[in-house]
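Participant: I have a structure I would like to understand better, so I am pasting it below and will then ask my questions one at a time.
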Amino acid sequence: MSTTSEPFIPLSEPCLEGNEWAYVKECLDTGWVSSAGSFVSKFEEKLAEYVGVEHAVAVVNGTSALHTALLLSDVRPGDEVLVSTLTFAASVNAIRYCGAEPVLIDAEPDHWQISPLLVEKFLTQNCTPTPAGLINTATGRRVSAIVPVHILGHPVDLDAIQTLADRFGLAVIEDAAESLGAKYKGRPIGRSGNAVCFSFNGNKTITAGAGGAIATNDADLAARARHLTTQAKCDPVEYVHDEVGFNYRMPNPLAAIGVAQLELLDSFIGRKRSIAKHYDEELAPLGFDWHRESNNAFSTCWLATARVNPERTGVRAVELRDALQQRGIQTRRLWQPMHRNAPYANCPAELDGTADHIFEQALSFPSSPNLTNASLDRICDAVRDIVGLAASRHAA
Ligand SMILES: *Cc1c(COP(=O)(O)O)cnc(C)c1O
């Protein structure tokens with residue numbers, strides 16, 4: 001409910017100001033509206049080129065990219081897979097789709113990504129190497145992979161995770177759904193040599209309406225991904241299949257939107273970074289702790305997010321969210337950590353309370369690339385006003 005006549009400012013909205021219309025029209029004019037067509041391969045080529053990898057395989061969404069990459073990394077029913085507890089549910093759901101069990105790892109407090117220290121703690125204290133692979137001694141299950149999730153446009157400490165994965169023989173499947181365009185030690189996310197999954201959902205940095213992709217330098221993995229996501233059909237003419245496949249390929253009109261959006265990606269990232277900087281400059285003095293960029297990272301600042309510590313700001317994150325909503329400004333909390341969600345409450349876990357604490361305080365602010373400076377000023381003024389009202393209430 002909004003009590004203002006000023007226009008509503010959404011958290012994040014798609015910004016379709018390039019060649020989207022022209023490219024989609026081309027699909028319709030030529031009749032290429034299904035999961036074959038020149039925009040699918042063009043999207044894959046342009047994405048691979050942007051990230052700097054040999055191959056990209058376009059699929060219907062980020063969740064199916066993760067599911068496919070996990071299956072192709074030999075994650076089997078009954079396995080355990082390490083993953084951050086502070087993530088969107090899709091990262092963890094995809095593990096269950098494989099019949100595997102997530103092992104929920106807490107976040108590090110500085111950049112809120114999966115904690116390499118807690119990954120190491122779990123692997124050294126709970127697991128035993130055996131000829132059949134690494135075994136979780138408490139459950140008897142094989143631990144086969146790790147899914148580091150680059151949350152909020154910021155990279156995970158990949159070298160630390162890769163070192164542990166190599167030491168313990170784990171496959172690494174990166175969930176980069178929120179972090180296309182981010183860099184770790186100067187290298188774009190996606191170029192690590194692992195299977196790296198992206199999303200082109202409507203609220204991501206760029207959108208295809210819906211969509212996802214797997215980036216890889218492994219030609220064999222790319223070929224198997226194309227096969228598995230095209231119903232595992234072996235013959236171009238005959239209906240012959242050699243395994244249980246999926247209908248996961250991206251349709252041409254979505255790829256057309258994706259191609260147009262890729263042309264705009266760097267400008268979107270530039271704008272998002274300047275939006276985040278603006279919030280930091282204007283609102284840090286009020287006690288807001290903005291999500292910080294690590295020294296070795298380039299963040300896309302996908303959603304500008306702050307910790308709202310009531311002892312410093314005088315308001316709780318949920319109060320601020322509700323008060324801003326009244327003024328027609330949308331903000332949103334982060335995801336309830338996975339270990340607090342019913343399907344995952346009983347998973348093996350290595351937790352130290354960090355994700356819970358971040359979840360209590362974090363609030364994401366409007367970050368659309370087409371957010372105007374006037375809207376930014378309106379948001380910052382509204383926050384100052386709400387925080388000031390809270391302070392005068394406390395003083396009274
Ligand atoms: C959005 C998102 C996904 C899933 O992508 P979809 O395209 O919506 O299926 C997976 N992981 C994370 C971290 C996400 O934010």
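Throughout, read-outs are computed from the coordinates displayed, never taken from laboratory work. Keep in mind that what you see is a predicted model, and the values were worked out from it rather than measured. With ideal geometry, Cβ positions are generated from the backbone for all residues, glycine too; neighbour counts draw on all protein chains shown.
Participant: Considering every Cα-Cα pair within the range 259-366, what fraction, in whole percent, is farther apart than 18 Å?
Facilitator: 59
Participant: At a Förster radius of 22 Å, what calculated FRET efficiency corresponds to the Cβ-Cβ distance of ALA391 and ARG333, to the nearest 0.05? Present the calculation step by step, with values, prior to reporting the outcome.
Facilitator: Numbers: r = 23 Å, r/R0 = 1.03.
That pair, ALA391 with ARG333, gives E of 0.45.
Participant: Restricting to Cα pairs below 8 Å that are 6+ residues apart, what does the relative contact order work out to for the chain? Please round to a whole percent.
Facilitator: 24
Participant: Let me ask something else. Output needed for the chain: three equivalent-ellipsoid semi-axes, defined as square roots of 5 times the C-alpha gyration tensor eigenvalues, in descending order, whole Å.
Facilitator: Values: eigenvalues 254, 167, 55 Å².
The answer is 36, 29, 17 Å, longest axis first.
Participant: For each of LYS46, LYS25, count neighbouring Cβ atoms within 10 Å of the residue's Cβ, then give the residues from fewest to most. All intermediate terms of the calculation are to be shown ahead of the outcome.
Facilitator: On the way: LYS46 18, LYS25 13.
Least crowded to most crowded, the residues run LYS25, LYS46.
Participant: Another question, then. Rank the residues ILE151, ILE269 as a footprinting-exposure proxy: fewest other Cβ atoms within 10 Å of their Cβ go first. Numbers along the way, then the final one.
Facilitator: Working: ILE151 29, ILE269 22.
The fewest-first ordering by Cβ neighbours comes to ILE269, ILE151.
Participant: Separate question: Based only on other Cβ atoms within 10 Å, what is the fewest-to-most ordering of TRP32, TRP302?
Facilitator: Working: TRP32 19, TRP302 28.
Listed from fewest to most nearby Cβ atoms, that is TRP32, TRP302.
Participant: In nm, to one decimal, how far is the LEU351 label point from the ARG316 one, both placed 7 Å along Cα→Cβ?
Facilitator: Inter-label distance under the simple model: 1.9 nm.
Participant: Across 5 Å bins from 0, what is the distribution of all Cα-Cα pair distances for the range 111-156, in whole percents?
Facilitator: Per 5 Å bin, starting at 0, the Cα pair percentages come out as 5, 21, 24, 18, 14, 11, 6, 1.
Participant: Residue by residue through the range 116-128, which ³J(HN,Hα) values in whole Hz follow from phi under the Karplus form 6.51 cos²θ - 1.76 cosθ + 1.60 (θ = phi - 60°), with glycine and proline marked x?
Facilitator: x, 5, 6, 4, 5, 4, 4, 5, 7, 8, 10, 10, 10
Participant: Need one number: nm distance between label points at SER34 and VAL240, each 7 Å from Cα along Cα→Cβ, rounded to one decimal.
Facilitator: Modelled inter-label distance: 2.0 nm.
Participant: Using every pair of alpha-carbon atoms in the range 186-322, split the distances into 5 Å bins beginning at 0 and state the percent of pairs per bin, rounded to integers.
Facilitator: 2, 8, 12, 14, 15, 13, 10, 9, 6, 5, 3, 2, 1, 0
Participant: Still on this model: Compare HIS278, HIS241, HIS150 in a GNM of the chain, Cα atoms joined below 10 Å, and give the one with the largest fluctuation.
Facilitator: Maximum among the listed residues: HIS241.
Participant: Placing one identical point scatterer on every Cα of the range 282-339 and ignoring solvent, what is log10 I(q)/I(0) from the Debye formula at q = 0.22, 0.29 Å⁻¹?
Facilitator: Those come out to -1.04, -1.26, one per q.
Participant: Test of understanding: in a Gaussian network model of the chain with alpha carbons linked when under 10 Å, which of GLU282, GLU350, GLU101 would top the mean-square fluctuation ranking?
Facilitator: Checking each option, the largest mean-square fluctuation is seen for GLU282.
Participant: While we're on this one: Taking only Cα atoms and a 10 Å spring cutoff, compute GNM fluctuations for the chain and point out the largest among VAL315, VAL259, VAL57.
Facilitator: Residue with maximal mean-square fluctuation among VAL315, VAL259, VAL57: VAL315.
Participant: Work out the FRET efficiency for ASP377 and ASN341 from their Cβ-Cβ distance, taking R0 = 45 Å, and round it to the nearest 0.05. If you can, show how the numbers build up before the last one.
Facilitator: Working: r = 37 Å, r/R0 = 0.83.
Efficiency, from the Cβ-Cβ distance: 0.75.
Participant: What nm distance separates the two modelled labels at ARG384 and ASP218, each placed 7 Å from Cα along Cα→Cβ?
Facilitator: About 5.3 nm, to one decimal.
Participant: Using a Förster distance of 25 angstrom, determine the FRET efficiency expected from the C-beta separation of ASN296 and LEU117, and round it to 0.05.
Facilitator: On the way: r = 17 Å, r/R0 = 0.67.
After rounding, the FRET efficiency stands at 0.90.
Participant: Check cross-link reach from LYS233 to the lysines: straight Cα distance under 23 Å, and skip same-chain residues fewer than eight apart.
Facilitator: Counting by Cα, and skipping residues close in sequence, LYS233 has these lysines nearby: LYS42.
Participant: I would also like to ask the following. Counting only helical runs of four or more DSSP H residues, what would the 222 nm mean residue ellipticity of the chain come to if each run contributes -39,500 (n - 2.57) and the total is spread over all its residues? Kindly include the intermediate steps, with their values, before the conclusion.
Facilitator: Working: 13 runs with 152 residues, N = 396.
The helix-only estimate for the chain comes to -12000 deg cm²/dmol at 222 nm.
Participant: Starting from 0.36 nm per residue, how many nanometres of slack lie between GLU263 and GLU17 once their C-alpha separation is accounted for? Provide the component values of the computation, followed by the final result.
Facilitator: Numbers: separation 246, 0.36 × 246 = 88.56 nm, distance 1.05 nm.
Result: 87.5 nm gained on full extension.
Participant: A further question on this structure: Let me see the P(r) profile for the range 1-46: every Cα-Cα distance counted, bins of 5 Å, each bin given as a percent of all pairs.
Facilitator: So the P(r) values, bin by bin, are 5, 15, 18, 16, 13, 7, 9, 8, 8, 2.
Participant: What does the charge count near ILE189 come to, summing +1 for each Lys or Arg and -1 for each Asp or Glu among other residues with Cβ under 9 Å from its Cβ?
Facilitator: Numbers: positive: LYS183, ARG187, ARG191; negative: GLU174.
Around ILE189, the charge tally is +2.
Participant: Regarding the range 85-203, what's the average projected area of the Cα-atom convex hull, expressed in nm²?
Facilitator: Details: hull surface 30.4 nm².
Reported value for the Cα convex hull: 7.6 nm².
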